[in-house]
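A short worksheet on the structure shown next.
What follows draws every value from the coordinates through simple rules; no lab data is involved. Remember, it's a predicted structure, so these values are computed and weren't measured experimentally. Every residue, glycine among them, receives a Cβ derived from its backbone with ideal geometry; neighbour counts consider all protein chains shown.
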């Protein structure tokens with residue numbers, strides 16, 4: 001398997017085309033904060049209702 | 001051990017995923033993301049065992065924000081002949097400066113000086129330059145050296161200072177740039193090491209520098225930014241590849257590496273979408289502006305945590321990826337394949353396919369051996385000392401043709417004593 005072949009070359013799919021562009025521009029298909037209100041609505045929806053309690057209870061015990 | 005050659009286990013208090021052996025950085029990205037999918041699936045299954053209303057949250061991160069840290073360890077085989085001291089001198093500035101591109105970002109600090117936001121999740125937990133420890137007095141350069149391969153040929157480089165990345169580009173650079181640097185060290189292709197005056201202080205300083213412009217002091221009196229240092233490595237590695245030829249993944253790594261250095265120099269905000277800390281910081285700034293929150297408010301910390309949730313419908317990074325707001329290097333199809341299939345070009349192929357084909361016969365499977373119960377008097381241990389053997393090319397047909405574990409052993413040569421002889 002050749003690196004460039006696998007990465008850019010399977011380019012018949014939509015994904016393949018999408019990969020060419022960011023390599024040139026160093027950017028995702030869509031700017032991170034494009035349509036920021038919708039994005040923030042999404043974040044509000046995903047966050048725990050009681051963020052304070054969740055964050056306080058988030059404690060790691062042990063580990064490296 | 002899983003059919004994709006990876007290991008999934010409980011390390012003290014959290015589940016841990018160790019990718020199968022990969023030969024190049026892009027494969028590592030694919031099997032790293034496969035680990036996220038495996039963890040998410042494990043969480044869903046665990047949830048089914050809980051009473052209604054309970055949920056399992058798994059975060060791919062490195063600190064709880066309350067003084068505890070847990071690592072994302074990278075492991076590389078390095079030629080034994082490279083003196084450890086030289087390796088250390090070349091790598092300390094690499095470890096410190098790569099944070100600018102590979103930090104996962106975090107809210108708050110656990111060391112002085114206090115910070116509202118940091119690039120690295122790990123920087124505050126390092127207290128030594130070199131050492132064996134991983135949980136106390138953590139060293140930038142860790143000396144654990146079990147290569148799980150021929151120790152006369154290979155040293156294990158056990159890197160404990162890095163962050164868990166969600167951005168695929170960041171994982172690619174974290175691993176791919178270091179792979180290139182290691183090859184350059186082995187080939188004596190790097191200039192004299194840039195000696196930082198105080199590597200530990202520099203680690204924390206880079207972690208606190210969202211401008212990417214803070215100068216770091218060198219022993220010789222020069223001052224360089226993290227990106228200057230990264231550039232010096234990238235240039236030497238590009239020269240090496242131009243001279244000795246590109247291996248798989250090199251071109252992709254070099255292109256992204258130089259591109260990220262350029263973007264970071266121009267405006268660190270432009271790293272959003274490819275670098276985790278910059279992506280997280282942009283989200284947090286927008287979130288704070290909407291809700292009028294302070295920099296370390298619990299709801300801001302919640303955004304920090306939720307960025308790392310491995311569930312694709314709940315994790316903020318995964319939501320961004322689904323919306324095309326961050327760059328992906330992998331496809332869902334290849335990641336799904338990597339959840340069950342090992343990389344084809346390392347011994348992980350033999351290990352994973354053995355487990356897939358003969359699950360009831362595999363008594364034990366480790367990095368460097370598989371033990372089979374073929375129904376005979378004694379168990380049969382198949383050594384996998386050489387990571388580049390046991391590949392699909394070498395044993396794929398043999399594994400496919402074997403009717404059962406006993407037949408497999410017969411086809412391998414029938415002897416339980418096959419040290420390093422596998423295919």
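Measuring nothing but how far apart in sequence close Cα pairs (under 8 Å, 6+ apart) lie, relative to its length, the range B:1-40 scores a relative contact order of 27 percent. May I ask for the angle, rounded to the nearest 10°, between helix B:226-244 and the longest principal axis of chain B, with both axes built from Cα atoms and the value confined to 0 to 90°? Result, in degrees: 40.
Normalised by the number of residues in chain B, the mean separation of alpha-carbon contacts (under 8 Å, six or more apart) gives a relative contact order of 20 percent.
Between 0 and 90 degrees, the angle of helix B:250-266 with respect to the longest Cα principal axis of chain B falls at about 10 degrees. Here the contact order of the range B:159-274, divided by its residue count and restricted to Cα pairs under 8 Å and six or more residues apart, works out to 31 percent. Based on DSSP H segments of at least four residues, each scored -39500 (n - 2.57), the protein assembly as shown has a per-residue ellipticity at 222 nm of -13500 deg cm²/dmol.
The calculated FRET efficiency for residue B:66 paired with residue B:242, based on their beta-carbon distance and R0 = 41 Å, is about 0.30. Put the Cα centre of the range B:173-207 next to the Cα centre of the range B:49-103 and the gap is 15 Å. Note on chain B: percent of Cα-Cα distances in each 20 Å bin, starting at 0 and stopping at the bin with the largest distance, equals 25, 56, 18, 1. Can you give me the C-alpha center-to-center distance between the range B:6-29 and the range B:300-374, rounded to a whole angstrom? Distance between centres, Cα-based: 8 Å.
Taking the C-alpha atoms only, the angle from helix B:348-357 to the longest principal axis of chain B is near 60 degrees. Residues B:60, A:61, ranked from the fewest to the most other C-beta atoms within 10 Å, line up as A:61, B:60. Separation of the range B:264-288 and the range B:107-132 by C-alpha centroid, Å? That distance is 20 Å. Shielding value for B:321-333 is 5, the average number of Cβ atoms from other chains within 10 Å of each residue's Cβ. Counting every Cα pair in the range B:245-357, what percent are over 25 Å apart? Of all Cα-Cα distances in the range B:245-357, 44 percent exceed 25 Å. Ordering B:64, B:404 by the number of other Cβ atoms within 10 Å of each residue's own Cβ, fewest first, gives B:404, B:64.
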